[in-house]
Amino acid sequence: MDIIVKMVTSAQFISSIVIILFTIIATLVIEHMHKLYVKKTNNTVQMNAIVRSTFRLMKTVTWIIAVLAVLEVNNIRVTSIIAGVGVAGAVFGMAMQDVFKDVLMGMHIINDKAFKVGDVIKIDDDEGIVTLFTLQTTQYTSLNTGDSVTICNRNITKVGIANGIYDIDIGLRYDEDPEHVREVLTDCAKKIKAIKGIKNSEYLAVQSFDATSAIYRIRYWCKPKDKWVTRRAAMGVLQKCLLESDIVLPYSQLDVHVNDSDGK
């Protein structure tokens, strides 16, 4: 019993208790500051992720310092522990370098305001609606397949925001009257504009020439998430316009030359 009383009343024990109580108070203050900051600011989801990570780091560092202080007041040498932690930290850093790359890229995305949740982004050949963003990963729903895709931020080397502008290229025979084609496609663009979900549509001009046809272009505007529905509807209107105007779409033809037995 005397041993317990002596231990409890020792300077080391009292100092340890004071350090722990101070650490608990500091942690509560940091947590209160976090809640107060979030309440008084109107940050984006991305910025809130950085703020949350920053306050977590502050609490972690506070407890690490507290543990080292408790060990020190109890006459436990912390120099060897710090050295061991340094070696372990180096190994941990090498193992976690991909995570650090993700976080750095996530902070870069936030700083540049590259995109936010709800934006339609273009990554490589895919296009999708951002549904979740963290400092490590970005999740989006692909407009092409409907799949939910999660990509590590370090793999996002090039990203764009879909602007809702889409083109339909039509290949027509070279012997079609250009003025007649212009009239038909201009009228067709007006009908496409009337499709639900399409904001505007217009006939542009000849886009290019290939081996068998001249390429004409119609452009329309819609919300990126509606691009496939509106495109199918626009293609149906375009097909009907071409059929009604007697414009024939080009198709591949094969000429076969037959020689008789005499080589004629």
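The values are calculated or read from the model by the stated rules, or taken from the named source; none is laboratory data. Fair warning: this is a prediction, and the values are worked out from it, not measured in the lab. Heads up, the Cβs are rebuilt from the backbone with ideal geometry, glycines too, and the neighbour counts pull from every protein chain shown.
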| note | Of ARG217, ARG173, the only residue that is at pLDDT 90 or above and more than 30 Å from VAL103 (Cα to Cα) is ARG217
| said: Could you check the stretch 1-34 and list, in sequence order, the residues that are among the charged types (D, E, K, R) and at pLDDT below 85? | reply: ASP2, LYS6
| Among (1) part of a strand (DSSP E or B); (2) aliphatic (A, V, I, L, M); (3) crowded, with 18+ Cβ neighbours inside 10 Å, where does LEU132 come up short? | (3)
| query | Across the stretch 184-243, which residue is farthest from the chain's Cα centre (by Cα) among those that are among the acidic types (Asp, Glu) and farther than 21 Å from LEU143 by Cβ? | reply | ASP187
| Does VAL149 fit the bill of being part of a strand (DSSP E or B), among the aliphatic types (A, V, I, L, M) and over 8 Å from the mean Cα position of the chain (by Cα)? | yes
| Lone unmet requirement of (1) touching a helix residue (DSSP H, G or I) at 6+ places or on another chain (Cβ under 8 Å); (2) outside any loop (DSSP other than H, G, I, E, B) for ILE215 | (1)
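This table checks each residue for (1) touching a Gly at 6+ places or on another chain (Cβ under 7 Å); (2) part of a loop (DSSP other than H, G, I, E, B); (3) in the same structural domain as ARG232 (by TED's automatic domain parsing).
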{"position": "TYR140", "(1), (2), (3)": "yes, no, no"}
{"position": "ASN144", "(1), (2), (3)": "no, yes, no"}
{"position": "ARG182", "(1), (2), (3)": "no, no, yes"}
{"position": "LYS190", "(1), (2), (3)": "no, no, yes"}
{"position": "ILE195", "(1), (2), (3)": "no, yes, yes"}
{"position": "LYS199", "(1), (2), (3)": "no, no, yes"}
{"position": "ALA205", "(1), (2), (3)": "no, no, yes"}
{"position": "ALA211", "(1), (2), (3)": "no, yes, yes"}
| query | Which one is nearest to LYS227 (Cα to Cα) among residues in the stretch 78-108 that are in contact with a Leu (Cβ under 9 Å, 6 or more places away or on another chain) and among the β-branched types (Val, Ile, Thr)? | reply | VAL103
| field | Filter pass, LYS116 being modelled with pLDDT of 80 or more, loosely packed, with under 12 Cβ neighbours inside 10 Å and under 17 Å from the mean Cα position of the chain (by Cα) | value | no
| If LYS225 satisfies every condition in (1) at pLDDT below 90; (2) exposed (fewer than 14 other Cβ atoms within 10 Å of the Cβ); (3) of a type in the set (Lys, Arg) but one, which is the exception? | (2)
